[in-house]
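The values are calculated or read from the model by the stated rules, or taken from the named source; none is laboratory data. If you're wondering where the values come from, they're calculated on a predicted model, not measured in any experiment. All Cβ positions, even for glycine, are placed from backbone atoms using ideal geometry, and neighbour counts span all protein chains on display. Note: areas computed on protein heavy atoms with side chains; ligands, DNA, RNA excluded. Shrake-Rupley method; radii C 1.70, N 1.55, O 1.52, S 1.80 Å.
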Amino acid sequence: VLWKGPAKETEYTRQIEIIEDYLAQGVDAFVIAPTEQNALVPVVEKIAATGKPVIIFDSGIETDKYQSFVATDNKVGGSLAAQQLGKLLNGQGEVGMVLCAPGGASTLLREAGFRETVQKDYPGVKIVAEKFGMSDRAKSLAVAEDMLAANKNLVAIFGSNESSTIGALNAIKNAGLVGKVKLYGFDSSEELIQGLRDGAIDALMVQNPWEMGYQAVRFAALSIDGNQVPRSADTGVVMVTRENLETPEIQKLLNPKLD
């Protein structure tokens, strides 16, 4: 397995260059997590035209020229967050969203799932601010701070990925609003899990990145040998809270045995 990625998720051109380099090297199959749903279409279709297998994982792409798509059902994850947050707020209050970046299929779906569920099921909950953090912790912090300053009645924030949630977490801490402004986020990291333990984060929508990567590479290997693979595979999303954090199931998800 040859592995490489751009330094930042927003470096679409660099990701394309990496794929082009691998294509020139003559690798047998590609496993790609597109950082932008449209920008990667030409290079993915170029690979497909050679007959080499392409597995798309984690985030979607606007073409059908691939063998399999392995990912979380991101819209369900966003909807799950909205359902639980709506219940926690008793169906009332002003909410902000720290978005990831334009063009990222996975996070756009999470944001759409959250937004649509709030509007449909909790009309008393108003989304009063939405800003992109550009998949960057510092920028996410800045937009979350602006959001809190401009909306004094804000009672909750939803962060649609790790960097968005970290930014919102630090903004809430810096403003002394822990416990006053609820925070629902997506993904996990040591800092986010600590925020959950400390009570600064109310819940995290956690994917199964280990399974996602495992199945994507497995499907690539099967495809090289001419085997049929599933057109899509949902690797799941789980809500992690302080109440279930230490359960064996959640600990296995957060700390997979890499051997």
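For the reader, a short list of remarks on this structure follows.
- Hydrodynamic radius (Kirkwood) for region 1-49, which is based on Cα pairs only, to one decimal in Å: 11.1
- Counting only alpha carbon atoms, the long axis of helix 41-50 and the longest principal axis of the chain meet at about 30°.
- R0 of 35 Å, Cβ-Cβ distance Glu190-Leu2: FRET efficiency to nearest 0.05: 0.80
- For GluC sites (Glu not before Pro), the sites in region 174-259 that DSSP calls loop and that have at most 14 other Cβ atoms within 10 Å are Glu243, Glu246.
- Spherically averaged projected area of the convex hull of Cα atoms, region 37-107: 5.5 nm².
- Between 0 and 90°, nearest 10: helix 137-150 axis offset from the chain longest Cα axis: 30
- Viscosity 0.890 mPa s, temperature 25 °C, Stokes-Einstein D of the chain from Kirkwood C-alpha radius, µm²/s: 129
- Between the alpha-carbon centres of region 39-58 and region 64-104 there is a gap of 26 Å.
- The string of couplings for region 240-249 from the Karplus curve (6.51, -1.76, 1.60, θ = phi - 60°) is 10, 10, 4, 6, 10, 3, 8, 5, x, 4 Hz, one whole number per residue in order, with x for Gly and Pro.
- Note on the chain: helix-only mean residue ellipticity at 222 nm, from DSSP H runs of 4+ residues weighted -39500 (n - 2.57) and normalised by residue number, equals -14000 deg cm²/dmol.
- Extension reserve of the Lys46-Glu246 stretch, reckoned as 0.36 nm per residue once the Cα distance is removed: 67.4 nm
- Projected area averaged over orientations for region 72-174, convex hull of C-alpha atoms, nm²: 5.7
- GNM top mover of Leu183, Leu196, Leu222 - the chain, alpha-carbon springs below 10 Å: Leu222
- Spin-label model distance (nm) - Asp28 vs Ala142, 7 Å beyond Cα toward Cβ: 4.7
- Across Ile201, Ile127, Ile18, mean-square fluctuation computed from a Gaussian network of the chain (C-alpha pairs under 10 Å connected) peaks at Ile18.
- Taking amide H positions as modeled 1.01 Å from N, with prolines and chain starts lacking one, the residues under 5 Å from Ala203 and 5 or more places away or on another chain are Leu183, Gly185.
- Acute angle (nearest 10 degrees) that the helix 74-88 long axis makes with the longest principal axis of the chain, alpha-carbon atoms: 10
- Considering only beta bridges that DSSP places wholly inside the chain, some 15 percent are antiparallel.
- Mean Cα-pair separation over length for the chain, i.e. relative contact order, pairs under 8 Å, 6 or more apart, %: 19
- Candidates Asp146, Asp202, Asp21, ranked by Gaussian network fluctuation over the chain, Cα under 10 Å, top entry: Asp21
- Separation of alpha-carbon centers, region 171-190 and region 207-250, rounded to whole Å: 27
- For the chain, the carbon plus sulfur part of the accessible surface works out to 50%, probe radius 1.4 Å.
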